[in-house]
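Accompanying notes for the structure given below.
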Amino acid sequence: MTDLTSLTLLEQRDGLKNKKFSSEELTSEYLKRIDKKNKDINCFISIDDSAIEKAKKCDEKISNNSGSVLEGIPIAHKDIFCIKDQRTTCGSKMLDKFISPYSSTVYEKLSNAGVITLGKTNMDEFAMGSSNETSFYGSVKNPIDLERVPGGSSGGSAAAVSANLCSFSTGTDTGGSIRQPAAFCGVTGIKPTYGRVSRWGMIAFASSLDQGGVFAKTALDASLALENISGFDPKDSTSINKKVPSLLSEASSNDMDHIVGIPKSIINNIKDVKVKNNFEESIKILKKLGIKTKEIELPNLEYALPVYYVIAPAECSANLSRYDGVRFGYRCEEPKNLDDLYSRSRAEGFGDEVKKRILIGTFCLSAGYYDAYYIKAQKIRNLIKESFLNAFKEVSSIAMPTCANVSFKLNSIQSPVEMYEQDIYTIPANLAGLPAMSVPSGKINNLPLGIQFIGNYLKEGVILNLANKFQEQTDFHKQV
Amino acid sequence: MKISEETLNNISTLSKIKIDDDMKPKLIEDLEEILSMVHKMNKIDTDKIAPMSHPIDDAQNLREDISDKTIDRDAFQKYAPKTDNGFYLTPKVIEQND
């Protein structure tokens with residue numbers, strides 16, 4: 001019998017619809033596999049005990065043809081998405097015992113579409129990290145090589161798809177937290193335009209950069225998953241009030257023309273020759289498909305990393321001020337006074353990386369430094385956005401590597417800046433609010449790497465179509 | 001960029017995060033490394049550039065001004081560390097003067 005967990009989302013959807021197998025069978029296969037694999041990979045923080053019961057209900061709906069678009073599909077949520085009456089930890093001791101009193105819009109939308117939640121996935125604490133080593137629940141291991149990191153911060157979600165432990169998974173991307181782990185784990189990952197996916201119930205890190213998205217086996221799977229979490233939400237004031245097209249139709253369309261921009265100076269400066277060669281080979285594949293390419297300039301992108309490490313910590317320091325040991329979350333033992341309650345609850349509840357970022361953000365926003373850091377960064381951010389807008393006058397998407405390297409060994413990076421440089425190619429899209437995705441593009445020493453496609457505002461369908469064309473010609477996405 | 005212990009103590013107070021003395025040298029080293037990287041921003045002249053207020057300019061929505069019951073105090077306080085009769089409990093804020 002076919003291993004049901006190795007099927008794509010689209011194959012599973014068809015199999016369920018045509019009664020080749022039931023959702024109960026599919027869900028049970030995943031749960032067995034999770035039971036076997038999770039102790040090594042550590043990609044789940046919690047498992048939903050009611051999954052089988054829900055699968056049976058989905059099977060009833062499928063049998064009387066009243067199933068929704070994703071009826072009976074077992075998925076995993078990054079543990080940053082609140083689910084009513086369930087534990088939502090955000091990978092932090094601070095929220096270890098937090099039970100959410102409400103659900104995120106992403107969870108609600110997918111539940112209404114009929115999915116079954118298998119569990120919540122491990123992540124860097126409060127989504128701050130590029131290796132999943134900052135989680136209170138221990139590092140996630142890369143399923144391809146258990147001595148290596150899966151990337152971060154959505155490393156658990158990427159690893160879960162890579163190891164066939166769910167059909168697809170949700171993630172969030174503030175500076176590359178979907179695309180970098182997707183590249184490291186050999187899966188497809190997309191963050192849409194800022195505002196496309198509601199942030200309601202998605203625990204905040206840096207609100208002007210945070211954006212929900214998905215991991216899947218293929219671009220087509222990702223398009224179906226993404227269209228089911230996208231859309232206007234009045235509960236999120238930054239949500240975009242524009243109709244979401246059928247991303248699956250757009251991704252699989254044969255009528256879409258592409259001009260892919262190649263940012264010459266960025267590509268020339270890739271340090272790792274093997275990464276550069278892989279990128280150039282990927283572009284050759286696109287050209288063989290008859291896709292036009294054009295060399296472009298993207299000035300000022302070299303400032304993206306410094307800009308990000310002002311804006312993201314600044315917003316994080318403001319957002320995380322809510323964790324005070326009073327209303328919810330961790331509270332220290334026997335506080336002497338109110339100040340001791342705040343400062344000790346926060347010192348004991350947050351991990352080192354989170355504290356570091358709060359301190360940097362507090363510094364950049366403090367009196368005398370605000371203009372020199374925060375305002376300066378927001379000005380350069382506008383220049384970066386302008387660079388992209390100028391490029392999109394000539395091209396329909398932009399290609400660059402997802403990462404400067406393949407997955408590295410656990411505990412091998414000690415310097416904070418060296419870790420932050422993991423996101424050097426992914427951060428620019430977040431600063432500009434653009435949709436971007438990573439697609440497997442080959443391997444170096446058996447470790448996957450990805451090519452990144454960045455699209456213009458609301459043009460998720462364009463990059464998904466490009467990614468699908470790439471995947472029709474390659475089998476890199478089938479090599480995990 | 002040098003961070004003095006005084007500056008670290010100041011941002012520790014502002015951010016309400018207690019920092020143990022033995023953690024300070026490593027933390028200062030890390031913050032200095034991060035801020036040195038951030039200082040690359042100074043290479044670019046931004047005098048005539050407006051700061052970005054929002055990545056997508058037209059996306060700030062206001063909902064209709066209709067009251068909507070969204071907060072259920074009991075549901076929210078169920079998971080609070082310490083409550084009493086609908087109040088959140090903290091250590092005493094006002095000391096009694098004899």
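What is the dipole size for the protein assembly as shown, taken about its Cα centre, with +1 at each Lys and Arg Cβ and -1 at each Asp and Glu Cβ, in debye to the nearest 20? If you can, show how the numbers build up before the last one.
Values: 72 positive and 77 negative charges, 214 e Å.
Computed about the Cα centre, the dipole is about 1020 debye.
What is the Å³ per residue value for the convex hull set by the Cα atoms of the range A:194-245?
Details: hull volume 4.2 nm³, N = 52.
Hull volume normalised by residue count: 81 Å³.
Loop-located trypsin sites (Lys or Arg not before Pro) in the range A:299-357 (DSSP state not H, G, I, E or B) with no more than 15 neighbouring Cβ atoms inside 10 Å: A:327, A:336. Taken over the alpha carbons of the protein assembly as shown as equal point scatterers, the Debye sum produces base-10 log I(q)/I(0) values at 0.06, 0.07, 0.12 Å⁻¹ of -0.29, -0.39, -1.19. Looking at the range A:268-319, none of the chymotrypsin sites (Phe, Trp or Tyr not before Pro) sits in a DSSP loop with at most 13 other Cβ atoms within 10 Å of its own Cβ.
Whole number please: convex hull volume per residue of the Cα set in the range A:176-296, in Å³? Walk me through the intermediate numbers first.
Working: hull volume 17.6 nm³, N = 121.
In the range A:176-296, the Cα convex hull volume per residue is 145 Å³.
Oblate is the label for the range A:410-480. Its Cα gyration tensor axes, ordered a ≥ b ≥ c, give a/c of at least 1.5 and b/c at or above a/b. Applying the criteria of a DSSP loop state and at most 11 other Cβ atoms within 10 Å to the GluC sites (Glu not before Pro) of the range A:256-349 yields A:333.
The helix-based estimate of mean residue ellipticity at 222 nm for chain A, built from -39,500 (n - 2.57) per DSSP H run of four or more residues and divided by its residue count, is -11500 deg cm²/dmol to the nearest 500. Under the criterion of Cα pairs below 8 Å and six or more residues apart, the relative contact order for the range A:114-234 equals 22 percent.
Here is the P(r) of the range A:242-335: all C-alpha pair distances, binned every 10 Å from 0, give 11, 21, 22, 22, 13, 8, 1 in whole percents. Seen through its C-alpha gyration tensor, with square-root eigenvalues sorted a ≥ b ≥ c, chain B comes out oblate because a/c lies at 1.5 or above while a/b is not bigger than b/c.
Rounded to whole Å and sorted largest first, what semi-axes of the equivalent ellipsoid does the C-alpha gyration tensor of the range B:47-98 yield via the square root of 5 times each eigenvalue? Before the final figure, lay out the partial values.
Numbers: eigenvalues 321, 110, 26 Å².
Ellipsoid semi-axes (Å, largest first): 40, 23, 11.
Between residue B:6 and residue B:47, the simple label model (points 7 Å from Cα in the Cβ direction) yields a spacing of 3.2 nm.
The distance between label points at residue A:49 and residue B:29 comes to 4.6 nm (points 7 Å beyond Cα on the Cα→Cβ vector).
In 5 Å bins starting at 0, how do the alpha-carbon pair distances of the range A:1-105 split up by percent? So the P(r) values, bin by bin, are 2, 11, 20, 19, 19, 15, 9, 4, 1, 0. Out of all DSSP beta bridges in chain A, what portion is antiparallel? Express it as a percent rounded to 5. Antiparallel bridges: around 70 percent, rounded to the nearest 5.
Bear in mind these aren't lab numbers, they're just calculated from the coordinates by the rules spelled out. It should be emphasised that the depicted structure is a prediction, and the values quoted were computed from it without experimental measurement. With ideal geometry, Cβ positions are generated from the backbone for all residues, glycine too; neighbour counts draw on all protein chains shown.
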